[in-house]
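A.B. asks: Below you'll find the structure I mean.
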Amino acid sequence: MKKTRLLLALASAALLAAPASSWAQYYAFGKNKVQYDTFHWLSLKGEHVEVFYYPEEEPLARAAIVLAEESYADLAKKFQHEVPRSVPLIVFSTHHHFEQNNVSPFFVPEGVQGFTEFMKGRVVLPYTGSYGEFRHVIHHEMVHVFQFSILEEVYKKNRRSTYVVPPLWFSEGLAEYWSNEWDAQGEMVVADQVLEGDVPAISELWRYNGTFTIYKLGQSLCEHIGKTYGDDALRRLYTEIYKDDRFERLLQRVTGVSAKRISEDWQYALKRRYFPHVKDRTGLTLAAEERAMSQGVNLKPVAVPDTSLFGGHRYLFVSARSGYTNIYSASYKGRERDVKSIVRGQRNAQFESFHPFQSRIGVSAKGQLAFVSKWSGKDALFLMDLATKEITLRRHMDGLIALSSPAWSPDGSKIAFAGQSNDGQADLFSLDVASGEVTRLTNDRYTDADPSWSPDGTRLVFASDRTRFGAEGRHNLFLLDTATLDVTYLTYGKWTDQTPSWSPDGSQIAFASDRDGAFALYTVDATGNGSRVSRTLGTSLDPSWTPDGKSLLFTGYRKGGFGIYQIPVTESRSDSFALALDDAAAPPQWTWETTLARSTQPAESYEPRYGLDLVSGGLSYNPNENVGQGVQGAVSDLLGNRLFVFQLGNTAEKSSDILTRMNAGAWYVNRQHRWNYGVGAFHLAGDYEDAIGIDYFERRAGASIVASYPFSRFDRIEGTAQAFYDQKDRGDGNPREGFLTTHGVSLIRDNALWFGTGPRDGSRYNLTGSVTTNWNTGRAENLTLSADLRRYLRISQWTTLAMRVQGRMSNGADPERFVMGGTHSLRGYDRRSLFGTRVFLANVEYRFPLLHHVVIGLPFDGLELPTIDGAVFADAGNAWEKFESFPTPKGSLGFSLRTNLGGYLVLRYDVARRTDFKDIQPGWHREFYLGFDF
Amino acid sequence: MVVAALLLAAAGTPNVLHASPHAAPDSTRAPDSVSAPDSARVSSAALAADSARAADSLRAAAPRPLAYVAVETRPPGLRVTFGSVEVGWSPLPPTAVPSGRVRVRAYPVDSRRFEPAIDGLTVDAAPGETIRVSLDLRSHPLLHSEPAATLSLLARRDDAPDSAVGVTPLRLAPAVLESRRVRFEANGFADSVVPGAWLLDEAARGKGVARVALRSLHLPPPAPPPPPSLLGRKWFQLGLVGVGALLTGGAAIIRHQGDLAYDRYLEASDPRVIEREYDRTVHYDRLSAATLGTGQVMFTAGLFFLVTGIGK
């Protein structure tokens, strides 16, 4: 987003040269995609894949090229296709580094493990600490590479007026199907859908686009098609895509069966598979009691050991129930009982992310909360005194980028945690709280996660892929002797055991395991003998003991959401097991070195290779509705660090003006460092209309510099400087000609939480100052100051009180004039009907949902209406000139309807009545508008 | 598939596997030089009962040419399998197997204890070829140092670079250590170079843990960082911003004086006044431009130094 803004700033720099507009006119908000680290890139060239990496992560790069070439060989057979170019694979050693990539202009959510970009076919992915997952993601993205390549080839050979794009369920489902076995995540999502009666037909799958569910539903459906009609049918759905206008008809052409019939067969097969579960398992809500359930994402519960704290019997958990991810406390004596926010995340730099799906939280016997949060580009360990809510420790760990799952030792003197270093290696560490000394507990390329202390403090139990089945992505539990650092197996098998938690009396270790398909809760003693806690439907994760050791708090997945549940741990058990190391049936012990030894490619330094990002015509480049014809485009290097933007156009009306009315500009933008900057030169000329409707001609030629420095994801400073020769003629016999400079500085903050039609929580501001100087006269052409402050007060889950205050002023020989009126400023007044060199504006509106998920039955057979939000508002503001005294404010009151169109556009309808703050004037003023809420 | 191939070949040539799978380890010492085994020394007795039954059912299949695989393990005396067929205890002399891909496994003594050693290899054996498989399943000693130190394997030759392998505590394979020297490095402590064999001995005595205490250099505390240059000093940066802002404001005042002089010039009728006020206007304009330019440069530079920290 930051890059997007920089481009906007550059564009506005061009415009600003133009004509009576100033940089201050371009209000920019948005969060920052921060390049905390500067990477020095190298590459390894394979036969089909070229891996780009930085020196610290060379082992990962070597593993990546081996795995990617393996994937290529496998997929070349499955697709019967060769990709006609080398596949660029950009590898980051951690997700934190991956989030800094410049290939995509967008923020990468934590759940995204990699992506394949269409324009240049680049695959970008991080190493998240697990070899098995790394292999899976590489294979998944390589499927996308083949998909794009085949589509490109097929459409090139068979040109059509319109192209069918395979639906997401198919492209992602096939990538999952051909890269991974059916796993517990799929079981979690699909079994829940089946048992809740929510499995959609193929024609309805689009409703799940943008969610993880679509991956697993798609995988299930692709597997069904592959096993029923042959895997080659899946390939032919790509090679024959040009033959039909709709994907569902293509499905029928390839399989010989209608999509409706395939849907029914698939749904029936799923029912046959999952309905028998109901017979011998208890429903989650029957076996366990509901605790925190609101809004579908409640994770990682941990009971407070001191049952007297906070009124007693409380637990902490991480939840995104408000839209932001916070740490909450609640009483486990009831459902949704006494829920309080303890640490508010995603609003400021130090609590940027709690990694709710990766990291547990820990509470000491003395009431100290330990958690990790992303702060300034990497994770830090935070300690908070729960009684005083004071942060007592905030610490980055030397050499560690990602941290997770801090666990207090029983005596409260140490904290064990998992950490991932710059080279991607994920190990266990221990922090001595008093001395601050950090001790490394494991040191190898196996993944170690989720440590939990034995009550006597001599051992840790943790999950690791060092098991013989680890190369396939499986994890088992291990015990670590903290004195000798010896590691021994606790569980063993071709499945995943994770998130162990040692009981307060030390007799049992609770953990989640997918040995029976979906994740369920088990306990095991320190010798490896264990059993299942309860045979329940659905998925159970993250068990944590209550202080009395008689029950477990855990995360349960049901009806598409994660909730906190509590289940008693009784003596009557099922599915007992004992630790049996059946070596003969297991694969040999694996190591990274086996894979690394297969990469012998020499490292080469990265030389930027440029490719076209976009070219478009009909350039529109002036906010005052002046439009110039022309083209604009952008060229960037493979890593997206260096970008060239150009534009070319002409506003000449006769041949003699071609040169003088040439509009051309070129800018270079560097995004490799935390400082993003751009430099460029431009020549712009044309006829314009200013804010008060006066026509004029202006021509500018010069150079500009734009720079942006993010302090964090939420705050940044931006600056611009321009020097240009300027000719301006208003036709009043007083033309201006001279050498001008413009400087501008903006301070911007934005931590707003967005819903479909606009922000609903948080705040943002933009403080901007700019000065334009005429060096021929020494005169300040204009000095412009502006402030725009917005605050969103959450009244309830779905309702918000939004407030905005704006003030702007411009002085000088040629001051900027601001306009006001219309839906984006002062509602009830015509657009641009108020103007002056000074303006102020205040808006207050109450936003609420009006129609959500409304489905009309007859006669539309289940037509779902778009979501419609409502608002009631009051505005006040006015504009005036320097020589005028402060005017009486103009005001309006009204209501508004808003709906999101396709995710990218908001249609608004405002109805307002004017007021002079004494009376409400007659007559309604209505306006349609396309744009997000302020 | 590997198992099936093995059984298929075993069916055709029953006397291919070693005769003493359950013999005491010491009695199966591998020969120093590998040669094709004497067929008189092998019998079908080694076949497990289930594999024999399977072999019977496949007896009609054509035999495949033989290859030979010898297995050594460290420590010796480990159970060895080819595919799923147990063939004896290590060290295993060259043993005939059907040529092709063979999975060789040796089983660790205490399988509960995690060791990162590879305990199996898949080999491709060409007909008539003898392959020697060596598996090192010795416990990886844990190298501890006080304080934690960077650990490097010293190169065997002077012209080759040393290899940094990690930070202690660290487990390293005995095979890596036994013939190399290791250097421990930590800030404020003398580098310690010790033979890997000594570390292995220490580990054997210390239940798998070898501890090295580094000698402190008793160095004086590190010198404080040099003071920032003038450009990096906050007062200077703030001064630049402040003076820049003052000069910019001053330029406006001077400019205003120029405007007043210009107004007097326009209103004047006395030629001397006209000339004087015109000169004043030009003077003020130039002074204003210079003041403004200087002010803006100082303001921008100050802000730049403040934000970037350049100069520190």
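Each reported figure results from applying straightforward, stated rules to the coordinates on display, with no laboratory input. Keep in mind that this is a model prediction, so the values were computed, not measured. We place every Cβ from the backbone using ideal geometry, glycine too, and count neighbours over all the protein chains shown.
A.B. asks: At q = 0.17, 0.23, 0.29 Å⁻¹, what is the base-10 log of I(q)/I(0) for the stretch B:163-227 according to the Debye formula with one equal point scatterer per Cα and no solvent? Please give it to two decimals.
C.D. replies: -0.66, -1.03, -1.39
A.B. asks: Also: Plugging the Kirkwood radius over Cα pairs into Stokes-Einstein for the stretch B:201-312, at a temperature of 20 °C and a viscosity of 1.002 mPa s, what D comes out in µm²/s?
C.D. replies: This corresponds to a translational diffusion coefficient of 112 µm²/s.
A.B. asks: Name the long-range amide H neighbours of A:ASN529: under 5 Å, sequence gap of 5 or more, or other chain; modelled H, no Pro or chain starts.
C.D. replies: For A:ASN529, whose amide H was placed from the backbone, the distant partners under 5 Å are A:LEU579.
A.B. asks: What is the ratio of the Cα radius of gyration of the stretch B:72-172 to 2.2 N^0.38 Å, where N is its residue count, to two decimals?
C.D. replies: The value comes to 1.41.
A.B. asks: From the C-alpha coordinates alone, can you work out the Kirkwood hydrodynamic radius of the stretch B:82-121, in Å?
C.D. replies: So the Kirkwood estimate lands at 11.8 Å.
A.B. asks: What number, in percent, do you get for the relative contact order of the stretch B:118-263 if the mean sequence gap of Cα pairs under 8 Å and at least 6 apart is divided by its residue count?
C.D. replies: Across the stretch B:118-263, relative contact order equals 19 percent.
A.B. asks: Quick check of the Kirkwood formula: for chain A, what is the inverse mean of 1/r over all pairs of different Cα atoms, in Å?
C.D. replies: In chain A this quantity evaluates to 30.9 Å.
A.B. asks: What list of whole percents do you get for P(r) of the stretch B:272-312, with Cα-Cα distances grouped in 10 Å bins up to the one holding the largest distance?
C.D. replies: Cα pair-distance distribution for the stretch B:272-312, in percent: 27, 28, 20, 15, 9, 2.
A.B. asks: Which distance in Å, rounded to a whole number, links the C-alpha centroids of the stretch A:832-909 and the stretch A:399-437?
C.D. replies: Taking the Cα centre of each part, the stretch A:832-909 and the stretch A:399-437 sit 50 Å apart.
A.B. asks: Along each principal axis of its Cα atoms, how long is the stretch A:706-780 end to end? Whole angstroms, biggest number first, please.
C.D. replies: 52, 27, 15
A.B. asks: Let me ask something else. Rounded to two decimals, what is Rg over Rh for the stretch A:186-235 when you use alpha-carbon atoms and the Kirkwood radius? Spell out each step's value before the answer.
C.D. replies: Details: Rg = 11.2 Å, Rh = 11.4 Å.
My calculation of the ratio gives 0.99.
A.B. asks: What span do the alpha-carbon atoms of the stretch A:795-849 cover on each of the three principal axes, reported in whole Å from largest to smallest?
C.D. replies: Computed over the stretch A:795-849, the largest-to-smallest principal extents equal 50, 20, 10 Å.
A.B. asks: Return the long-range amide H neighbours of A:TRP754 (sequence gap of 5 or more, or a different chain), with a cut-off of under 5 Å between placed amide H atoms.
C.D. replies: So A:TRP754 has HN proximity to A:ARG760.
A.B. asks: Points 7 angstrom from Cα along the Cβ direction at B:ARG101 and B:ALA245: gap in nanometres?
C.D. replies: So the two model labels end up 7.4 nm from each other.
A.B. asks: What are the radius of gyration and Dmax of the stretch A:656-796, computed over its Cα atoms and given in Å?
C.D. replies: 19.1, 64
A.B. asks: Which three extents, in whole angstrom, do the alpha-carbon atoms of the stretch A:543-620 cover along their principal axes, largest first?
C.D. replies: In descending order, the Cα extents are 70, 52, 24 Å.
A.B. asks: Taking 2.2 N^0.38 Å as the expected size of a compact globular protein, what ratio does the Cα radius of gyration of the stretch A:85-241 give against it, to two decimals?
C.D. replies: Working: Rg = 16.2 Å, N = 157, 2.2 N^0.38 = 15.0 Å.
After normalising by residue count via 2.2 N^0.38 Å, the value is 1.08.
A.B. asks: If one puts a single equal scatterer on every Cα of the stretch A:473-580 and applies the Debye formula without solvent, what log₁₀ I(q)/I(0) results at q = 0.17, 0.21, 0.23 Å⁻¹?
C.D. replies: Per q value, in the given order, log10 I(q)/I(0) is -0.77, -1.15, -1.35.
A.B. asks: Taking θ = phi - 60°, what integer Hz values does the Karplus form 6.51 cos²θ - 1.76 cosθ + 1.60 yield along the stretch A:842-851, in sequence order, with x for Gly and Pro?
C.D. replies: Going residue by residue, I get 9, 10, 10, 8, 9, 9, 8, x, 10, 10 Hz, with x marking Gly and Pro.
A.B. asks: May I pose another question? Based only on Cα atoms, what mean projected area does the convex hull of the stretch A:779-934 have, in nm²? Before the final figure, lay out each step's value.
C.D. replies: Numbers: hull surface 47.2 nm².
Dividing the Cα hull surface by four gives the mean projection, 11.8 nm².
A.B. asks: Mind putting a number on the dipole of chain A about its Cα centre? Charges go on the C-beta only, +1 for Lys and Arg and -1 for Asp and Glu, and I need it in Debye to the nearest 20.
C.D. replies: Value, rounded to 20: 2020 debye.
A.B. asks: Further, regarding this structure: Quote the Stokes-Einstein diffusion coefficient, in whole µm² s⁻¹, for the stretch A:327-413, based on the Kirkwood radius over alpha carbon pairs, a temperature of 25 °C and a viscosity of 0.890 mPa s.
C.D. replies: Value of D from the Cα-based Kirkwood radius: 180 µm²/s.
A.B. asks: Tell me the relative contact order for the stretch A:663-802 as a rounded percent, counting alpha carbon contacts under 8 Å between residues six or more apart.
C.D. replies: Computed value for the stretch A:663-802: 14 percent relative contact order.
A.B. asks: What are the ³J(HN,Hα) couplings of the stretch B:242-248, residue after residue, when phi is run through the Karplus curve with 6.51, -1.76, 1.60 and θ = phi - 60°? Round to Hz, x for glycine and proline.
C.D. replies: x, 5, x, 5, 5, 5, 4
A.B. asks: A follow-up question, please. Between the alpha-carbon centers of the stretch A:766-821 and the stretch A:559-574, tell me the distance in whole angstrom.
C.D. replies: Here the two parts' Cα centres lie 55 Å apart.
A.B. asks: Starting from the Kirkwood Rh over alpha-carbon pairs, what translational D in µm² s⁻¹ does the stretch A:414-520 have by Stokes-Einstein at 4 °C and 1.567 mPa s?
C.D. replies: 92 µm²/s
A.B. asks: Would you mind checking the radius of gyration and Dmax of the stretch A:756-846 based on alpha-carbon positions, in Å?
C.D. replies: Using the Cα atoms of the stretch A:756-846, the pair Rg, Dmax is 16.6, 58 Å.
A.B. asks: Let me ask another. Considering amide H positions built from the backbone, and no H for Pro or chain starts, which residues 5 or more places from A:GLY46, or on another chain, come under 5 Å of its amide H?
C.D. replies: Amide H neighbours of A:GLY46: A:VAL51.
A.B. asks: So which of A:LYS882/A:LYS918; A:LYS227/A:LYS271; A:LYS374/B:LYS234; A:LYS333/A:LYS550; A:LYS157/A:LYS243 end up more than 22 Å apart by C-alpha?
C.D. replies: A:LYS882/A:LYS918; A:LYS374/B:LYS234
A.B. asks: Return the calculated 222 nm mean residue ellipticity for chain A, to the nearest 500 deg cm²/dmol, obtained by summing -39500 (n - 2.57) across DSSP H runs with n ≥ 4 and dividing by the residue count.
C.D. replies: Calculated at 222 nm, the ellipticity per residue is -5500 deg cm²/dmol.
A.B. asks: While we're on this one: Could you tell me what % of all Cα pairs in the stretch A:852-934 have separations over 17 Å?
C.D. replies: The calculated P(r) of the stretch A:852-934 puts 62 percent of pairs beyond 17 Å.
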